[in-house]
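Taking it in order: structure first as structure tokens, then the write-up.
Readers should treat all values here as calculations from the given coordinates under stated rules, not as data from a laboratory. Here the structure is a predicted model, which means the values were calculated and not measured. Here the Cβ is made from the backbone with ideal geometry for all residues, glycine too, and neighbour counts use every protein chain on show.
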Amino acid sequence: MMFRTFSLTVLITYFLLATACKSTHISSVSYQNTAVDEQINTIDSNLVSIYLPYKNKLDNDMNRVISVCETDMVKNKPESGLTNLLADLLLEEGKTEAGNQSLNFVPEVSFFNYGGIRTGLQKGIIKVGKAFEIMPFENEMVFVQLTGTQLQQFYDLIAESGGGSVGGVRFVISDKKAKHIIVSGKPLQPENKYWMVTNDYAANGGDDLSILRQRLDFKNTGLKIRDVIIRNFEKQHKSGITLKENLDGRISNE
């Protein structure tokens with residue numbers, strides 16, 4: 001299980017550091033994986049006494065309840081409860097962070113790359129560990145500014161892939177193109193400029209999204225996407241709001 005095994009390689013490293021100032025010759029090294037718990041008695045008790053408090057704190061952090069989900073959610077295309085939830089969460093937190101950092105803009109749309117969503121949500125209690133499962137990567141929340149023409153090209157790519165995790169926008173997929181695009185309740189204007197909140201992986205062209213590298217401007221919040229998810233879930237939970245599936249037809253097939 002995650003965080004439940006402790007390699008004796010660590011003990012070897014500890015020993016090497018402790019004896020670094022001595023003249024010692026090591027003829028061979030071997031290791032094995034050993035489950036760590038309070039009953040362990042084959043490892044130096046002093047080292048275990050150092051390690052266990054950190055292990056217990058980590059276990060407590062990972063098992064902290066941050067939300068309750070009303071139904072199972074999995075990702076799907078053109079839209080799904082999970083992809084919509086994450087995109088809306090990202091847009092909400094992006095707007096909040098733009099204010100927190102006193103930026104002179106507010107993001108109008110959001111994008112959560114489909115491949116970056118690594119698992120779904122199950123009905124019931126949601127703990128911190130689930131956020132690590134959904135987003136195990138160290139991606140950060142960023143803002144990119146695009147022209148309306150570039151945003152059209154971006155949504156064409158999403159349409160070509162069959163849909164995805166987008167917020168603040170509605171469009172119809174027709175012949176693998178995005179048609180009738182509505183942003184913030186208004187038709188997309190090619191000459192306008194729009195701010196999108198996404199992650200640094202996508203912003204740097206990941207998942208064949210090179211159009212995002214042609215952006216007009218870029219801002220990095222310095223916040224991990226995973227931490228943003230945890231923050232939002234906890235905020236909603238403290239307000240008594242549960243996670244609900246929201247299929248609103250933001251992406252539909254013609």
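Structure summary
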{"read-out": "Whole-angstrom Cα spans of segment 134-254 along principal axes, big to small", "value": "41, 30, 24"}
{"read-out": "Under 16 Å from the Ile182 label point (7 Å along Cα→beta-carbon), backbone N, segment 97-112", "value": "109"}
{"read-out": "Check: segment 179-232 dipole with +1 on Lys, Arg Cβ and -1 on Asp, Glu Cβ, in debye", "value": "160 debye"}
{"read-out": "Cross-link pairs beyond the 18 Å C-alpha cut-off, checked among Lys77/Lys186; Lys95/Lys244; Lys95/Lys219; Lys130/Lys235; Lys77/Lys224; Lys75/Lys176", "value": "Lys77/Lys186; Lys95/Lys244; Lys77/Lys224; Lys75/Lys176"}
{"read-out": "Computed lengthening from Thr96 to Asp208, 0.36 nm per intervening residue step minus Cα-Cα distance", "value": "37.5 nm"}
{"read-out": "In sequence order, calculated HN-Hα J values of segment 112-129 (Karplus, 6.51, -1.76, 1.60; Hz; x Gly/Pro)", "value": "10, 4, 4, x, x, 8, 8, 7, x, 10, 9, 4, x, 5, 10, 10, 3, x"}
{"read-out": "Order by protection proxy (mean Cβ within 10 Å, highest first), peptides 68-77, 106-115", "value": "106-115, 68-77"}
{"read-out": "Simple label model, 7 Å out from Cα along Cβ direction - Phe105 to Thr149, nm", "value": "1.7 nm"}
{"read-out": "Karplus (6.51, -1.76, 1.60) ³J(HN,Hα), θ = phi - 60°, over segment 169-184, in Hz, Gly and Pro reported as x", "value": "9, 9, 7, 10, 8, 9, 6, 6, 10, 8, 10, 6, 6, 10, 10, 6"}
{"read-out": "Fully extended contour minus Cα-Cα distance, from Arg64 to Asn246, at 0.36 nm per residue", "value": "63.0 nm"}
{"read-out": "Listed peptides 179-185, 126-132, 84-90 by packing density, highest first (mean Cβ within 10 Å)", "value": "84-90, 126-132, 179-185"}
